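Inspection log for the structure reproduced underneath, given as structure tokens.
All of the numbers you see were taken from the coordinates with simple rules; none came from a lab. For clarity, every value in this text was computed on a predicted model and none was experimentally measured. Every residue, glycine among them, receives a Cβ derived from its backbone with ideal geometry; neighbour counts consider all protein chains shown.
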Amino acid sequence: MPKVLILSDTHGLTDEVLEIKERHLDVDARIHCGDSELAYGSKELEGFHYAKGNCDFESEMENEQVVRVGELTILATHGHLFQVKSTLMPLSYKAEEVGAQVACFGHSHIAGAEKVKDTLFINPGSARLPRDREEPTYAILEWETLDEVHLQFYHVNGEPMDDLQLTTALTAKK
């Protein structure tokens, strides 16, 4: 069963990022949606597909990452270049352009997920400065088939958040 760890907006956290990585060694991919405020080659970011945020200034960082895990294609970005605080439309166009069934983003610090047409949009929230709720969060997406993918949000301490989960179907993109 493939699993993808999704993290964002850690804003200088180091120990917590390392703890989350250590807790989830069984994942097939790790995505960080930006604003770590850490150096590009830091041990905390090692092993992450990293999308540069508006608080990241390393020239080696890229604004977007396209990650393929099994038959699932994931677009990872921070979101500030796609106006995610007001609309998902520009991000949906980019996801369609790269053939992604999932678009992961941060920037707003608000944990949530929404399926619009054939695209699942995931904001893992902020592991440091959450908005709209007190708990700092991250998420894990897992599936056996694309007919049933499950997204579970977690408190930074590793506890699953029962009120933040989603199960849906996705279709394979050509």
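In a Gaussian network model over the chain where Cα atoms closer than 10 Å are linked, find which of His150, His32, His107 has the largest mean-square fluctuation.
His150
Please report the antiparallel percentage of DSSP beta bridges with both residues in the chain, rounded to the nearest 5.
Numbers: 28 of 42 bridges.
Around 65 percent of the beta bridges assigned by DSSP in the chain are antiparallel ones.
Let me know the charge dipole size of the stretch 3-168 about its Cα centre in debye, to the nearest 20, where only the beta-carbon of Lys, Arg (+1) and Asp, Glu (-1) is charged. Don't skip to the end; give the middle numbers.
Details: 14 positive and 31 negative charges, 81 e Å.
Using Cβ point charges on Lys, Arg, Asp and Glu, the stretch 3-168 gives about 380 debye.
What do you get for trypsin sites (Lys or Arg not before Pro) in the stretch 1-87 restricted to DSSP loop and a cutoff of at most 12 other Cβ within 10 Å of the site's Cβ? Each step should come with its number before you reach the end.
Numbers: sites: Lys3, Lys21, Arg23, Arg30, Lys43, Lys52, Arg68, Lys85; in loops: Lys43, Lys52, Lys85.
Qualifying residues, ordered by number: Lys43, Lys85.
Among (1) 103; (2) 117; (3) 214, find the value of volume of the Cα convex hull per residue in Å³ that was calculated from the structure presented, and write down its label.
For volume of the Cα convex hull per residue in Å³, the calculated option is (1).
With the crude spin-label approximation of a point 7 Å out along Cα→Cβ, what separation in nm comes out for Met1 versus Val66?
With each label placed 7 Å out from Cα toward Cβ, I get 2.9 nm.
If you average the sequence gap of Cα pairs under 8 Å that are 6 or more apart and divide by the length of the chain, what percent do you get for the contact order?
Details: 429 pairs, mean separation 36.8, N = 174.
Worked out over the chain, it gives 21 percent.
³J(HN,Hα) across the stretch 3-8 via Karplus (A = 6.51, B = -1.76, C = 1.60, θ = phi - 60°), whole Hz, x for Gly/Pro?
Values, residue by residue: 9, 10, 8, 10, 9, 7 Hz.
Quick check on my link table: of Lys21/Lys52; Lys3/Lys117; Lys3/Lys115; Lys21/Lys85; Lys21/Lys115, which ones sit more than 25 Å apart, alpha carbon to alpha carbon? Walk me through the numbers before you get to the answer.
Working: Lys21/Lys52 19 Å; Lys3/Lys117 23 Å; Lys3/Lys115 19 Å; Lys21/Lys85 28 Å; Lys21/Lys115 27 Å.
With Cα atoms farther than 25 Å apart: Lys21/Lys85; Lys21/Lys115.
How large is the helix-only mean residue ellipticity at 222 nm for the chain, computed as the sum of -39500 (n - 2.57) over DSSP H runs with n ≥ 4, divided by its residue count, in deg cm²/dmol to the nearest 500? Working shown, then result.
Numbers: 2 runs with 19 residues, N = 174.
That calculation yields -3000 deg cm²/dmol at 222 nm.
How much length would be gained if the chain were fully extended between Leu146 and Glu114, taking 0.36 nm per residue of separation minus their Cα-Cα distance, in nm to one decimal? All intermediate terms of the calculation are to be shown ahead of the outcome.
Values: separation 32, 0.36 × 32 = 11.52 nm, distance 1.60 nm.
Going from the current span to full extension adds 9.9 nm.
Using +1 at the Cβ of each Lys and Arg and -1 at the Cβ of each Asp and Glu in the stretch 3-168, identify which of Leu164, Leu120, Ser92 lies farthest towards the dipole's positive end.
Ser92
Once you order the gyration tensor axes a ≥ b ≥ c over the Cα atoms, which shape class does the stretch 1-102 get: rounded for a/c under 1.5, otherwise prolate or oblate by comparing a/b with b/c?
Numbers: a/c = 1.99, a/b = 1.19, b/c = 1.68.
Judged from the Cα gyration tensor, the stretch 1-102 comes out oblate (a/c at least 1.5, b/c at or above a/b).
Can you work out the FRET efficiency for the pair Asp132 and Ala172, with r the C-beta to C-beta distance and R0 = 45 Å, to the nearest 0.05? The partial results should precede the final answer.
On the way: r = 33 Å, r/R0 = 0.72.
The value I calculate is 0.85.
If you take the square roots of the eigenvalues of the alpha-carbon gyration tensor of the stretch 58-102 and sort them as a ≥ b ≥ c, do you get rounded (a/c under 1.5), prolate (a/b over b/c) or oblate?
oblate
What are the residues whose amide H is under 5 Å from the amide H of Ser8, where those residues sit 5 or more places off or on another chain and H is modelled from the backbone?
Cys33, Ala127
Which GluC sites (Glu not before Pro) in the stretch 70-162 sit in a loop by DSSP (not H, G, I, E or B) and have at most 13 other Cβ atoms within 10 Å of their own Cβ? Write out the running numbers ahead of the final one.
On the way: sites: Glu71, Glu96, Glu97, Glu114, Glu134, Glu142, Glu144, Glu148; in loops: Glu71, Glu134.
Taking the stretch 70-162 and a limit of 13 other Cβ atoms within 10 Å, the loop GluC sites (Glu not before Pro) found are Glu134.
Give the residue from Gln83, Val102, Pro136 lying farthest towards the positive end of the charge dipole for the stretch 82-156; charges sit on Cβ (+1 for Lys and Arg, -1 for Asp and Glu) and the dipole is referred to the Cα centre.
Gln83
Could you tell me how far the Cα centroid of the stretch 1-66 sits from the Cα centroid of the stretch 90-154, in Å?
15
Can you list residues from other chains, or at least 5 along the same chain, whose modelled amide H is less than 5 Å from the amide H of Val102?
Here Thr73, Leu75, Leu120 satisfy the definition.
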